[in-house]
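The values are calculated or read from the model by the stated rules, or taken from the named source; none is laboratory data. Fair warning: this is a prediction, and the values are worked out from it, not measured in the lab. Here Cβ is always computed from backbone atoms with ideal geometry, including for glycine, and neighbour counts include all displayed protein chains. These area figures cover heavy atoms from the full protein model, side chains too; ligands, DNA and RNA do not enter into them. Shrake-Rupley method; radii C 1.70, N 1.55, O 1.52, S 1.80 Å.
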Amino acid sequence: MDINCTEKELFVFNKIAHAAEELNMPCYVIGGFVRDKILQRESKDADIVCVGDGIELAHRVAERFQPKPQVAFYKNFGTASIRLDDFEIEFVGARKESYRYHSRNPEVTPGNLEEDQLRRDFTINALAISLNKSDYGRLVDPFNGITDLENKIIRTPLEPGKTFSDDPLRMMRGIRFSSQLGFHIEEKTWEGICAHIDRIKIISQERITEEFNKILGSAKPSVGLDLLYRSGLLHIIFPQMVDLAGAEYIDGKGHKDNFYHTLQVVDNISQHTNDLWLRWAAVLHDIGKPATKKFEAGHGWTFHGHEVIGGRMVPKIFTRLKLPQNEKMRYVRKLVELHLRPISLTKENITDSAIRRLLFDAGDDIEDLMALCSADITSKNKFKVKRYLGNFNLVRDRLREVEEKDRIRNWQPPITGEMIMEVFGLPPGRIVGEIKNAIREAILDGEIENNYAAAYGLMVKKALEYNLQPVQ
Ligand code: ATP
């Protein structure tokens, strides 16, 4: 083998080779598996391409294992897969593809290995290793993919315009690989992307978002996000993010470029976490800035309320991008809405009640919020950054102190809405909500103690304002 495989992988490839020989079917390991092995990246699945029927080969391979693994197959696509513990193997017959302009679905006809390699998106993804008896383990590299791997280059095997026009998702994939692997997109390939950005419109939102999320999951997402921006793809797939770009000047006063600031915040948070949703919160933390931007004479640029407007934009953006409409979305929205709060606590003389309020509002997401806020400090002035981060540590200490004392993080006020309804014989409604809020606010502000008796006392007092008496 020209690549470094584990014992288990070699064992499996050996079985595949024998099954293919029995069927007299040339076959090869191809694509991402070969690429990742050479790059010494982890690979959990392998694609096998054979000159013949991939489904038939998969069944023949499965028979060689005890217990026999299930073969999942898709007749329409001519693909099959088997899973051996955590190693997934996909089988497909070598094919030629020809594309129609308005569809991403090509006409597929059987082909040979060379034709199959030609339909691959990038030279580094077209590498194949023979599993045939005559040349077992030989690397088949018709487009100098190895050289491109060594030089860290993304390049299409065909004329780039054809590759991208045939399947425009490849533009996103190219940028994704550049971001994940730290590779450079070769000039002609890059020009091909820039010339075909409009074609992305034929791709489904789910697939676009899947690639976007992979870019966001890379070690330094700014690489891919900036390429999306510079190619013009971002303008089509996520225009709200493009609106952050640029700095305006009035009377010699400018503001920072919020697009590049956002990229910096995303990179910062990515050093701290792999969590996709915390990274999304970084992408969106300032998304409300363009809509709230004002120039105030004598004062400069302001973005008042951008966290509120930004929070409101989150569900719309999640819907448009077909991201989940569940607790992940609510989490991102919450972080966007709260992202200025810890900073406001770095001023002097901050009361316990302000700290309690933040703990109450952030709940279990307080650590993530603090991480986002630290990532948001992107000043070029090292002393400033040091001072801010120092202040932040003070806020962290205060949060810890107050939480230890008051246990506010997952706190619920001692009197619930149901209790209020029961005591006063009320139906659900505005008054119940108002009494409940008054109790919560009084406890958070430290006006009454955080216990049942004090809360009950305030409930009765507040109810009197509505001429309500406890019913027996
Ligand atoms: P990853 O596993 O990180 O997503 P990958 O691209 O290698 O990366 P797949 O998406 O499973 O994994 O693709 C496997 C192989 O199929 C690729 O290496 C490439 O050869 C080919 N391929 C996948 N998508 C396309 C595409 N849109 N156009 C051309 N070839 C593709």
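Would you check if there is a residue in segment 210-219 being more than 10 Å from the ligand (Cβ to nearest atom), open to solvent by 30 Å² or more (accessible area, probe 1.4 Å) and modelled with pLDDT under 95? No, the conditions are met nowhere in segment 210-219. Against the conditions (1) more than 30 Å from His18 (Cβ to Cβ); (2) open to solvent by 50 Å² or more (accessible area, probe 1.4 Å); (3) not in a loop (DSSP other than H, G, I, E, B), Glu114 satisfies every one except (1). In segment 55-70, is there at least one residue being free of Cβ contacts under 8 Å to residues at least 12 places away in the same chain and under 29 Å from Ile146 (Cα atoms)? So far as segment 55-70 goes, no, none of its residues is free of Cβ contacts under 8 Å to residues at least 12 places away in the same chain and under 29 Å from Ile146 (Cα atoms). Could you say whether any residue in segment 119-126 is near the ligand (Cβ under 10 Å from one of its atoms), more than 30 Å from the chain's Cα centre (by Cα) and of a type outside the set (Ser, Thr, Tyr)? No: segment 119-126 contains no residue that is near the ligand (Cβ under 10 Å from one of its atoms), more than 30 Å from the chain's Cα centre (by Cα) and of a type outside the set (Ser, Thr, Tyr). Scanning segment 10-35 for residues that are out of contact with any Leu (no Cβ under 7 Å at 6 or more places or on another chain) and over 20 Å from Ala126 (Cα atoms) gives Leu10, Phe11, Asn14, Lys15, His18, Glu21, Glu22, Asn24.
Tell me which residues, restricted to segment 127-147, are over 12 Å from Tyr28 (Cβ atoms), within 13 Å of the ligand (Cβ to nearest atom) and not in a loop (DSSP other than H, G, I, E, B). Correct list: Gly145 only.
List the helices (runs of 4 or more DSSP H) inside segment 263-366, counting only whole elements, that have at least 2 residues being of a type in the set (Gly, Ala, Ser) and modelled with pLDDT of 95 or more.
It comes to 276-284, 306-320.
Do the conditions hold for Ile200, that is, is it under 18 Å from Leu233 (Cα atoms), among the hydrophobic types (A, V, I, L, M, F, W, C), within 15 Å of the ligand (Cβ to nearest atom) and in a helix (DSSP H, G or I)? Judged against the criteria, Ile200 is a match. For the condition in a helix (DSSP H, G or I), free of Cβ contacts under 8 Å to residues at least 12 places away in the same chain and open to solvent by 50 Å² or more (accessible area, probe 1.4 Å), Lys461 qualifies. May I ask you to say which residue of Ile343, Ile317 is open to solvent by less than 10 Å² (accessible area, probe 1.4 Å) and touching a residue at least 12 places away in the same chain (Cβ under 8 Å)? Result: Ile317 is the single residue among Ile343, Ile317 that is open to solvent by less than 10 Å² (accessible area, probe 1.4 Å) and touching a residue at least 12 places away in the same chain (Cβ under 8 Å).
Annotation note: of Arg230, Arg170, Arg207, the sole residue that is among the charged types (D, E, K, R), open to solvent by less than 30 Å² (accessible area, probe 1.4 Å) and not in a loop (DSSP other than H, G, I, E, B) is Arg170. Checking each residue in segment 401-418 for being outside any loop (DSSP other than H, G, I, E, B), surrounded by 18 or more Cβ atoms within 10 Å (Cβ to Cβ) and modelled with pLDDT of 85 or more picks out only Val402.
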